1. Restricting attention to the stretch 202-243, report how many residues are farther than 29 Å from Asn128 by Cβ and touching a Lys or Arg at 6+ places or on another chain (Cβ under 6 Å).
2. Quick check: anything in the stretch 209-218 among the hydroxyl-bearing types (Ser, Thr, Tyr), outside the structural domain of Phe11 (by TED's automatic domain parsing) and not in a strand (DSSP E or B)?
3. Among the listed residues Val161, Val175, Val187, which satisfies the condition of being touching a strand residue (DSSP E or B) at 6+ places or on another chain (Cβ under 6 Å), among the β-branched types (Val, Ile, Thr), at pLDDT 95 or above and within 16 Å of ligand 1 (Cβ to nearest atom)?
4. Which condition breaks for Ile239 when tested against (1) closer than 24 Å to Ala125 by Cα; (2) open to solvent by 40 Å² or more (accessible area, probe 1.4 Å); (3) not assigned by TED's automatic domain parsing to the domain that holds Glu148?
5. Can you confirm whether Val197 is of a type in the set (A, V, I, L, M) and not in a loop (DSSP other than H, G, I, E, B)?
6. In the stretch 33-77, which residue that is assigned to a loop (DSSP other than H, G, I, E, B) and among the polar types (S, T, N, Q) is least open to solvent (accessible area, probe 1.4 Å)?
7. Working only within the stretch 72-95, note down all residues that are within 16 Å of ligand 2 (Cβ to nearest atom) and polar (S, T, N, Q).
8. Among the residues of the stretch 181-210, write down those that are under 14 Å from Arg124 (Cβ atoms) and surrounded by fewer than 18 Cβ atoms within 10 Å (Cβ to Cβ).
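The values are calculated or read from the model by the stated rules, or taken from the named source; none is laboratory data. Source: prediction; values computed, not measured. Cβ coordinates were reconstructed from backbone atoms using ideal geometry, including for glycine residues, and neighbour counts include every protein chain displayed. Note: areas computed on protein heavy atoms with side chains; ligands, DNA, RNA excluded. Shrake-Rupley method; radii C 1.70, N 1.55, O 1.52, S 1.80 Å.
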Amino acid sequence: MMEKQKLNILFIGGGNIAGILKSELKDHIDLCWYYDLKKTDLDCQYLERFEIPRETDIVVECASVEAVKEFGIDILKSGKDFYIISSGAFADEEFRATFLAELKNSSSNVYIPSGAIGGIDIVRAVRNYVEKVVLTTKKPPKAFGIEEIQEPKTIFSGNAVEAIKKFPQNTNVSVTLSLALGSFEKVTVNVVADPNVNENIHEINIFSSVGNYTVIHKNKPSPNPKTSYLTPLSLAAAIKRNIEKFKIG
Ligand SMILES: NC(=O)C1=CN([C@@H]2O[C@H](COP(=O)(O)OP(=O)(O)OC[C@H]3O[C@@H](n4cnc5c(N)ncnc54)[C@H](OP(=O)(O)O)[C@@H]3O)[C@@H](O)[C@H]2O)C=CC1
Ligand SMILES: O=C([O-])CC(=O)C(=O)O
């Protein structure tokens, strides 16, 4: 399938990310469909019930952790390539094991883009040398549905498995980081609601025997304040990378 210049895309979730992604990929889409709990303004054919049209080239999840768990196995059974932005689904050990077992017998390729963060290339490269990683995610209170706080407040400290249970729409990056490292134990996640910021800030500190790395992101939010604008751009870049034959990074 790959290296085809125009793709037939099935979106799961027709909200904020899907809309930006569709416009980023405008020169690369032939047919498109979306499945969502309700009809949205996404300019693709709406599917009332989940199905995978036969002509689909790739399935792109931009809905929720629950949607990955609900439809992930069916997508692997279809053999279609599958892009997943709600990586948080893989913090669930049982789901992860079931999914990876099914993937062994599937002709699908599964891609988890770096989403709202960078530095995943470093983490993958140094993973055998890492002592610990600390991720601090700081967003305006409204991203967490919190109002009326005057001072920054740490609302979570722990690992990515617990973070994604509490904040399934805000901490997928912590799971992506843990998956890239191959360890949930070595990643500490702090989540801060900060009334003094208007960006989604992710600071990653990687401590390893081959070097220490700090990656700071000051992301502009997208129309959905929980989601950084970088997220759909990262998905678009991942999809385009697989169309192009000259791959960088
Ligand atoms: N990896 C990363 O860096 C990031 C990942 N994300 C993930 O992307 C997701 C989507 O973000 P965004 O587009 O901004 O959110 P939106 O709420 O704008 O869009 C998501 C759409 O998917 C729908 N949806 C949710 N669950 C299901 C389901 N089980 N079946 C069908 N449709 C469903 C929602 O419906 P409804 O509104 O009714 O729930 C909504 O219309 C986030 O929830 C998060 O999991 C987000 C940011 C960064
Ligand atoms: O978009 C972001 O800044 C991060 C996010 O919501 C997530 O990881 O779920």
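1. Here the count works out to 2.
2. yes
3. Only one candidate qualifies: Val187.
4. The single condition Ile239 does not satisfy is (2).
5. On the way: of a type in the set (A, V, I, L, M): yes; not in a loop (DSSP other than H, G, I, E, B): no.
No, not satisfied.
6. Applying the filter and picking the extreme gives Thr56.
7. Ser86, Ser87
8. Within the stretch 181-210, Gly182, Ser183, Val210 meet the criteria.
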